[in-house]
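Notes to accompany the following structure.
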Amino acid sequence: MDIRHPIESPTVTEQNPEPQADPRAGFGHPGPTVSVAGEPAVTPAQHSRQVGNVELRGLDAYYGSNHAVRGVSLAFDSAKVTAIIGPSGCGKSTMVRCINRMHEEIAGARSEGQVLLDGLDLYDSRIDIVAVRRSVGMVFQKPNPFPTMSVIDNVTAGLRLTGVSRGELEDRGREALVGAGLWEEVKGRLKAPGVGLSGGQQQRLCIARALAVDPEVLLMDEPCSALDPVATLRIEELIAELKQRVTIVIVTHNMQQAARVAGTTVFMLNGELVEVGPTDKLFTNPDDDRTEQYVTGKFG
Amino acid sequence: MNPSADHALLLDRGNLKRRRRVSALVGAASTVAALLAVAVLLIVVGSVLLKGLGALSIHFLTTPTALFGESGGGISNAIVGSAIMVGLAALMAIPVGLLVAIYTTEFAPARIAHPIRFVLDVLNGVPTIITGIFVYGLLVAGNQQSGFAASVALAIVMLPIVARTAQEVLSLVPATLKEAAHALGIAPWRATVRVTLPTAAGGLLTGALLAVARVAGETAPLILLSSIFAPGVLTEPGEALASIPIFIFQASESPSPEAHTQAWAAALILIAFVLVLNIVARAFYARSRKRMGA
């Protein structure tokens with residue numbers, strides 16, 4: 001059986017031949033290629049980027065004695081959408097949460113192995129965990145706007161704490177709302193409570209909130225599972241626009257969704273990476289029997 | 001129509017009547033118990049109203065207690081003294097209680113948080129006269145009674161109430177909000193200040209108000225720590241201050257019938273204050289729960 005580990009191919013490992021000397025370079029402030037500050041708000045799609053490459057090397061994750069992710073090696077290329085599919089409990093979410101180091105927030109949870117962002121090991125002891133989360137944003141399953149904050153305050157919540165000036169704050173908040181395709185709908189009620197929006201709007205608000213801090217990677221953990229089909233479609237359109245700007249990793253239970261939004265799809269089972277490949281190949285002509293059984297609905 | 005053999009199992013096999021009687025009996029007993037609890041409150045409030053309302057007047061509220069042997073007088077000194085002592089106690093206990101709750105719910109690992117919770121429950125159960133004696137030994141023995149000593153004792157009584165209610169409220173804040181804040185790269189203490197505390201604000205206020213209501217009527221420590229005071233309205237916490245509970249205690253011990261009516265009137269003021277605080281606290285709590293989606 002052919003389990004493909006793209007990282008073992010020489011083309012991928014040589015993508016970052018020289019890791020940067022200073023592990024903090026590129027953190028804290030937007031790098032030159034990801035910056036949208038100062039540019040017209042509607043053109044983030046024009047960027048061509050070299051940053052935002054994520055690479056997992058022999059990643060293991062545990063909850064206490066439960067070995068949830070087993071030796072996963074995998075690369076997520078910049079400016080691409082990668083979907084992670086697999087049955088419930090196969091370690092999809094856990095693996096994704098290792099990328100922004102949210103996994104370790106859970107009591108008893110730990111991980112081993114490497115997660116590289118543009119060649120830097122995010123688990124290096126010199127790495128600032130707060131900076132990691134600014135570079136790797138996350139959108140959750142259920143929309144979770146801050147209930148005490150207005151629409152605009154929600155969007156700028158991550159920025160406000162970094163000493164960004166008031167004027168710039170509004171600009172970047174507006175930019176993020178435009179980027180998340182929400183500006184037209186909320187421009188008249190920026191001061192209204194964020195929880196007053198519809199479910200789909202709330203989820204796009206959460207995407208805007210994640211985009212506002214200018215991440216290089218955006219992790220989406222089943223972002224549409226609490227939404228109706230129309231709101232889901234809006235989010236999927238948004239993902240297609242955003243992939244120019246951020247590397248997107250989306251966990252989904254919906255195989256049609258993976259087929260619609262992702263160029264690359266990863267199939268996981270029991271914590272292990274079974275197969276990774278171009279989405280159409282994985283769905284039509286997978287190399288692994290288990291992948292075929294899963295995508296044709298024989299289990300899971 | 002004859003029931004089939006299968007359905008015969010559904011029929012009464014002798015003790016159905018007895019079970020129905022027991023059920024009715026238990027239902028009735030618990031209803032009566034619930035009514036009794038309500039009745040106790042109504043009787044207490046009603047009798048205080050009946051006996052106290054007559055002596056209640058603007059004069060009573062704005063005049064200090066009469067000197068021994070004189071008649072008239074009121075409780076303005078007791079109201080001011082109670083406000084100062086309860087206020088000082090709140091200033092000490094509420095910030096510390098909130099910090100304890102924040103530490104145990106947001107930062108401490110479970111093996112530290114659980115013992116702290118247990119200690120707070122034990123502290124909450126310590127008889128207040130013992131708290132009073134402790135503070136007496138600490139601040140009054142070899143010194144003199146003072147409003148400050150009384151407020152320290154009241155703060156010790158308040159602390160576990162504030163901390164435990166705040167813990168309950170903070171643990172109701174959805175974990176998804178804290179996750180969202182962490183995932184945005186907001187440092188944990190900032191996430192606490194900017195996200196968790198504002199979300200829980202109503203419930204935290206509720207706990208603080210209930211704690212104030214609880215100690216406003218606290219008497220035992222005050223007898224030891226602030227019961228021998230000069231006449232007139234005093235505001236200096238360094239000396240012993242009058243208070244409503246002590247006024248009620250001393251006036252009800254007095255042989256004069258007028259003093260007894262005054263005790264009832266002071267009791268009415270105290271009970272009204274506590275009731276209002278409880279009602280306001282409930283309103284804040286209801287709003288807070290709505291916000292947290294509970």
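Readers should treat all values here as calculations from the given coordinates under stated rules, not as data from a laboratory. Note that the coordinates shown come from a computational prediction; the quantities given were computed from them, not determined experimentally. Note that we place each Cβ from the backbone using ideal geometry, even for glycine, and neighbour counts take in every protein chain shown.
General remarks:
- Note on A:Thr296 and A:Asn66: the extension gain reaches 79.9 nm, defined as 0.36 nm multiplied by sequence separation minus the Cα-Cα distance.
- Peptides A:96-106, B:45-55 ordered by average Cβ neighbours within 10 Å, highest first: A:96-106, B:45-55
- The modelled label-to-label distance for the pair A:Ser125/B:Leu138, using points 7 Å beyond Cα in the direction of Cβ, is 4.2 nm.
- Magnitude of the charge dipole for the range B:56-291, about its Cα centre and with charges confined to Cβ atoms of Lys, Arg (+1) and Asp, Glu (-1), is about 1240 debye.
- The aspartates and glutamates whose alpha-carbon is closer than 15 Å to the alpha-carbon of B:Lys17, local same-chain residues fewer than 8 away aside, do not include any residue.
- With both labels modelled 7 Å from their Cα along Cα-to-Cβ, the B:Leu49 to B:Ala110 distance reads 4.9 nm.
- Once the C-beta distance of B:Arg287 and B:Glu258 is scaled by a Förster radius of 51 Å, the resulting FRET efficiency is 0.70 to the nearest 0.05.
- Fewest-first sequence of B:Phe134, B:Phe60, B:Phe247 by Cβ atoms within 10 Å of each Cβ: B:Phe134, B:Phe60, B:Phe247
- Taking every residue in A:143-150 and counting other chain Cβ atoms within 10 Å of its Cβ, the average works out to 6.
- Peptide B:191-201 - average C-beta neighbours from other chains (10 Å radius): 3
- Lys, Arg +1 and Asp, Glu -1 on Cβ, resulting dipole of the protein assembly as shown about Cα centre, debye, nearest 20: 1980
- Helix-only mean residue ellipticity at 222 nm for the protein assembly as shown, each DSSP H run of n ≥ 4 adding -39500 (n - 2.57), per residue, nearest 500: -15500 deg cm²/dmol
- For the range A:48-295, the relative contact order is 28 percent, taking Cα pairs closer than 8 Å that sit 6 or more residues apart in sequence and dividing their mean separation by the residue count.
- Calculated SAXS-style log₁₀ I(q)/I(0) at q = 0.17 Å⁻¹ - the range B:67-121, Debye, Cα scatterers: -0.67
- Each of B:Thr235, B:Ala266, B:Ala283 was placed along the dipole of the range B:56-291 (beta-carbon charges, centred on the mean Cα), and the one lying farthest toward the positive end is B:Ala283.
- Of the DSSP H helices in chain B, those whose Cα atoms cover at least 18 Å axially and whose Kyte score averages 1.0 or more: B:16-52, B:76-102, B:147-172, B:197-216
- Kirkwood Rh (inverse of mean 1/r, distinct Cα pairs), chain B, angstrom: 22.5
- The alpha-carbon of A:Lys243 sits under 28 angstrom from the alpha-carbons of these lysines, leaving out residues fewer than 8 places away in its chain: A:Lys80, A:Lys92, A:Lys142, A:Lys187, A:Lys281, B:Lys178.
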